[in-house]
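All remarks here apply to the structure that follows.
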Amino acid sequence: MNWWAIRVRAEGADSDRVAAWLVQHTGQAVEQTERGVVGFVAAGEDAARTVAALRRVFALDAACERVAETDWTTRWRHGLAARTIGRLTVTPSWLPDAVPGAARVVLDPENAFGSGEHGSTRAALTLLERHVRAGDRVLDLGSGSGILAIAAVRLGAVRAVGIESDPDANVVARRNAERNEVGTTVSFVDGDAGDLTPLLGPADLVLSNILRNVNVRLLPAIASALRPRGLAIFAGMEASEAERFRPALAAAALQEADDVTDAGWWAVAARRP
Ligand SMILES: C[S@@+](CC[C@H](N)C(=O)[O-])C[C@H]1O[C@@H](n2cnc3c(N)ncnc32)[C@H](O)[C@@H]1O
């Protein structure tokens, strides 16, 4: 498939806001560099309209250009580095272990979401690392590259199941599970999390790094899949969305236990009584 790259000159908080807008409007991962933000839309969609909307909303310099197909197959490798989050190290397969002895996840995201470079994934990993307990049974809704499910098992969970609506992402996630030799304890199913979560519970821990409106839609299914005292971790929301999500948590009878913000992305952990 051919793609358009959308380039926006932006710094600091502007860069974070543009990145969040692009993720929300294109559904694709973005790159943040010193010069600004690069997002992507598939050829056939209206890249020029996206550029015009960015100029209108942010009053920043934006432009688009075609990306050759051959660039896309290896583009995901650019900018990836080993990252440490508490006891956890996430590293691409071609880099050496950054912190010997840490719980290590070897992760090649390819074209699936979930490299560990995005603030929403990092915020979810931070809360996961703080709260997962040995022996937990975990559901990971919108599992993308498999990063959260694999990390959960690396940190002591006994079983993790990812639910993902994009079958191509699940191909990548299964490769990553094999790469980490957790193919027997981590599995990935194709489908909608709203349909499958009630069938795959009960769970001690549910992870849901999806956009706020999807998290809100999934809340009843998540609450019913949790064991009593079970914990749900929600991410994929900007910090400004926290006050709009909290009433939905309360309506689902989940009690906020912890939260974290990373690069403008907010994640929250909430417990079933
Ligand atoms: C922001 S990515 C998160 C990926 C990874 N879990 C992470 O933390 O980096 C959200 C993922 O949810 C998937 N998704 C969106 N809506 C879904 C739904 N209703 N059911 C299952 N997966 C969904 C998308 O395809 C995407 O892979």
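The values are calculated or read from the model by the stated rules, or taken from the named source; none is laboratory data. Here the structure is a predicted model, which means the values were calculated and not measured. Cβ coordinates were reconstructed from backbone atoms using ideal geometry, including for glycine residues, and neighbour counts include every protein chain displayed.
From the list Leu200, Leu125, the one residue that fits, being surrounded by fewer than 24 Cβ atoms within 10 Å (Cβ to Cβ) and within 15 Å of the ligand (Cβ to nearest atom), is Leu200. Looking at region 1-106, the helices (runs of 4 or more DSSP H) lying wholly inside it that each contain 1 or more residues that are modelled with pLDDT of 85 or more and of a type outside the set (Val, Ile, Thr) sit at 12-26, 47-58. Among the residues examined, Ala269 qualifies as more than 13 Å from the ligand (Cβ to nearest atom), touching a His at 6+ places or on another chain (Cβ under 7 Å) and either closer than 22 Å to Ser145 by Cβ or of a type in the set (Asp, Glu) (or both). Screening region 133-149 for residues that are outside any strand (DSSP E or B) and near the ligand (Cβ under 10 Å from one of its atoms) and picking the one that is nearest to Arg227 (Cα to Cα) gives Ala149. Counting only residues that are surrounded by fewer than 18 Cβ atoms within 10 Å (Cβ to Cβ) and at negative phi, which one in region 217-230 is farthest from the chain's Cα centre (by Cα)? Looking at the filtered set, the residue picked out is Pro228. Taking the criterion of being surrounded by fewer than 19 Cβ atoms within 10 Å (Cβ to Cβ) and away from the ligand (no atom under 16 Å from the Cβ), no residue of region 203-216 qualifies.
Of the residues that make up region 261-269, is at least one over 20 Å from the mean Cα position of the chain (by Cα), over 23 Å from Gln28 (Cα atoms) and at pLDDT 95 or above? No, region 261-269 has no match at all. Here Arg212, Arg244, Arg229 are screened, and the one residue that is farther than 29 Å from Ser15 by Cβ and among the charged types (D, E, K, R) is Arg229.
Scan region 177-191 and tell me whether some residue there is touching a residue at least 60 places away in the same chain (Cβ under 8 Å) and over 25 Å from Gly135 (Cβ atoms). For region 177-191, residues touching a residue at least 60 places away in the same chain (Cβ under 8 Å) and over 25 Å from Gly135 (Cβ atoms): absent.
Going by the conditions given, is Gly156 modelled with pLDDT under 95, more than 11 Å from the ligand (Cβ to nearest atom) and assigned by TED's automatic domain parsing to the domain that holds Glu129? Spelling it out, it is not the case that Gly156 is modelled with pLDDT under 95, more than 11 Å from the ligand (Cβ to nearest atom) and assigned by TED's automatic domain parsing to the domain that holds Glu129.
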